[in-house]
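Each value in this text was obtained by applying a stated rule to the coordinates, not by laboratory testing. For clarity, every value in this text was computed on a predicted model and none was experimentally measured. Using ideal geometry, Cβ is built from the backbone for each residue, glycine included, and neighbour counts are taken over all protein chains shown.
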Amino acid sequence: MSEIVEHEPADVMRIGIVTVSDRAAAGTYDDLSGAAIRDVLSRWIASPWTEMYRCIPDDRPLVEATLLELADWHRCRLIITTGGTGPAIRDVTPDATMAVCERLLPGFGEAMRTESLRTVPTAILSRQVAGTRGTSLIVNLPGKPASIEVCLSAIWAGVAPALRLLGGTTFANSDSAPVRGPRAETGTARV
Amino acid sequence: MSEIVEHEPADVMRIGIVTVSDRAAAGTYDDLSGAAIRDVLSRWIASPWTEMYRCIPDDRPLVEATLLELADWHRCRLIITTGGTGPAIRDVTPDATMAVCERLLPGFGEAMRTESLRTVPTAILSRQVAGTRGTSLIVNLPGKPASIEVCLSAIWAGVAPALRLLGGTTFANSDSAPVRGPRAETGTARV
Amino acid sequence: MSEIVEHEPADVMRIGIVTVSDRAAAGTYDDLSGAAIRDVLSRWIASPWTEMYRCIPDDRPLVEATLLELADWHRCRLIITTGGTGPAIRDVTPDATMAVCERLLPGFGEAMRTESLRTVPTAILSRQVAGTRGTSLIVNLPGKPASIEVCLSAIWAGVAPALRLLGGTTFANSDSAPVRGPRAETGTARV
C-alpha cells in the first residue's frame with residue numbers, strides 16, 4: 001500500500017486507486033485491474049500526480065470508509081474504483097459510492113456502459129456510477145482488467161473539466177490522452 | 001390465470017409474466033402483450049420453465065404485492081412486466097418495481113430505450129426499469145405488444161448471466177435467442 | 001419579466017422559461033439562452049402559447065419556489081430551464097427539479113446527453129433531468145446558448161405526447177419541428 005510522501009509538494013495532485021475484490025484483498029490473485037488503472041493514468045496524465053492505493057474486500061462499510069478517507073482526509077481529487085459493480089450480492093461498490101457522494105453524474109455511467117456494450121454484451125449488468133464529494137470526483141470501473149481502458153476512454157474528456165469545475169485546479173493531459181480537440185482545458189491546471 | 005403444477009420438478013425455473021393494464025384486467029381487450037412475452041420466451045429459452053401469469057389493473061399497491069408474491073413466495077427467478085411505464089398518472093409500474101427492488105440495473109432501462117428509440121420516437125417517455133430482489137430479476141417492458149420483442153432483444157444477452165450471478169442457476173438459451181457468441185453461458189445452467 | 005395577460009383565453013398554453021444563472025440574474029451578461037429557448041419554441045409550436053419568463057440566481061430554494069409557482073399557480077404545462085446543470089457547487093437546477101417532480105423521465109436526460117456528446121465532449125458532465133409535477137413537464141437544458149436547440153431537438157418528439165398523457169391537451173407542432181412521421185399527434189391538441 002503506497003503512503004503519502006512526507007515532503008510531497010502541495011500542488012501534486014493525489015489520485016486514489018481502490019480495488020474492491022474479496023479475492024484480490026485475500027491475495028488469491030494479483031490485482032491486475034489496479035495495475036491497469038495505474039498504467040492508463042501514467043500514460044494519459046502529463047502533470048505531476050501521486051497515487052494512493054487501497055485493495056479491500058467487498059464490504060460496504062469498508063468501501064465507504066475508504067472513499068471517505070481518500071476524499072476528505074487525503075484530499076484525493078480523483079478516486080477510481082475497480083470491482084464490485086455487478087448485480088451479485090457481494091457487489092456493493094456503486095451502493096457505497098452513492099452513499100458518500102453529494103451529487104451523481106449519470107452521464108459517466110451511461111457513457112461507460114454504452115462504450116463497453118460495443119464489445120461485452122454483459123456490460124448491461126454493470127451498475128457503475130460516478131459522483132462528487134466536495135472537490136473529489138469518484139468513478140467506478142468494472143473489475144475486469146480489460147474493461148479499465150475501455151471505460152476510462154469513454155469518460156476521460158470530462159475528467160479534467162470536472163476537477164476544474166469542482167476545485168479550480170486540474171491536471172494536464174498528455175498527447176496520448178483520449179481528449180478530442182485542443183489541450184486548452186489543461187491550460188488551467190496549476191499542477 | 002395459470003397455477004403451479006402440483007408435481008412440478010424443483011429444478012424447473014419459474015418465470016412471472018405480469019400484465020399491468022386497467023383495460024386488460026377488466027377484459028376490455030385481450031392481453032396481447034402478455035401473449036407476446038410468452039411467445040418470445042418459448043422461442044428463446046431451451047431449458048424447462050413454467051409460467052406464472054398475472055393480469056392486474058394499474059394500482060400501485062397491487063403491483064407491488066404481485067411482484068412480492070411472485071419473487072418471495074413463488075420464487076420466480078425472472079419476472080417480466082408489461083404496461084404502466086409511461087408518464088400518465090395511472091402509470092405506476094416502475095414506481096412499484098423500484099419500491100420492491102433491492103438494487104436497480106440502470107443499464108437495462110438505458111438499453112431498452114436506446115433500442116426502442118430507433119423506431120418509436122415516443123420511447124423517450126418510457127420510465128421502464130429493471131432491478132433485483134433476492135435471487136429474482138424484475139424487468140419492466142412497455143405495454144405496446146410491438147415493443148415486447150424489441151425490448152427483450154436489447155437486454156437478453158444479460159438475462160441468463162444476471163440469474164447465474166444472483167443465484168447460481170440460470171436457463172439455457174435456444175439457438176434463436178439474441179445472444180452473441182457461444183452459448184457457453186448456458187453451460188452453467190442446472191435446469 | 002412577462003406577466004399574465006389579463007384576458008388571455010383559457011386555452012392558450014402557458015410555457016415557463018426559467019434561466020438559472022447568477023450572472024444573468026445580476027445583469028452581468030444578457031440571457032442568450034432564454035432567448036434561444038424563446039426562438040426555438042416560436043419556430044416549432046404552431047398553436048397559441050404564451051410565455052412566463054423568470055431569470056434567477058443559482059439558489060436552490062429559489063429555483064424550487066420558481067418551479068412550484070409556474071407549475072402549480074400559473075399552470076404552465078411545459079417549463080424549460082437553462083443553466084445550473086453541471087457538477088460545480090453552485091449548480092443546483094437538477095437537484096431543485098428532482099425535489100419538485102413527482103416522477104422523473106430518465107429517457108430525456110439520456111437522449112439529451114447522447115445527442116450533445118456528438119459535438120461537445122464535456123456534455124458527459126451534465127446532470128440535466130426531466131420530470132413531471134401534476135400536469136406539468138419540466139425539462140432542464142444546459143446553460144450554453146448553443147446547447148439549447150441541440151438538446152430540444154433530441155427530446156421534442158416526446159414533448160407533445162407527454163403533455164397529452166399528462167393532461168389531455170397538448171400543442172400543435174409546426175412543419176419545422178423535429179418530429180418524425182405524420183403530425184397526427186397534434187390532432188389531439190385542444191389549443
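Normalising by residue count, segment C:63-127 has a Cα convex hull of 89 Å³ per residue.
When all alpha carbon pairs of the protein assembly as shown are counted in 10 Å bins from zero, the resulting P(r) reads 3, 17, 26, 25, 19, 9, 2, 0 %. Pairwise alpha-carbon distances in segment A:111-170 exceed 15 Å for 50% of all pairs. Copy C relates to copy B by a rotation, and the C residue whose beta-carbon is nearest that axis, with the distance in whole angstrom, is C:Glu110, 3.
Summing charges over all other residues whose Cβ lies under 11 Å from the Cβ of A:Thr114, with Lys and Arg as +1 and Asp and Glu as -1, gives -1. Among C:Met112, C:Met98, sorting on how many other beta-carbon atoms sit within 10 Å of each Cβ, with the fewest leading, yields C:Met98, C:Met112.
Can you compute the helix-only [θ] at 222 nm over chain C? Use -39500 (n - 2.57) per DSSP H run of at least 4 residues, normalise by all residues, nearest 500 deg cm²/dmol. Calculated mean residue ellipticity at 222 nm is -11000 deg cm²/dmol. One quarter of the surface of the convex hull around the alpha-carbon atoms of segment C:15-72 equals 4.1 nm², the direction-averaged projected area. Averaged over the residues of B:118-124, the number of partner chain Cβ atoms lying within 10 Å of the residue Cβ comes to 6. For chain B, the alpha-carbon radius of gyration amounts to 0.95 times the rule-of-thumb value 2.2 N^0.38 Å expected for a compact globular protein.
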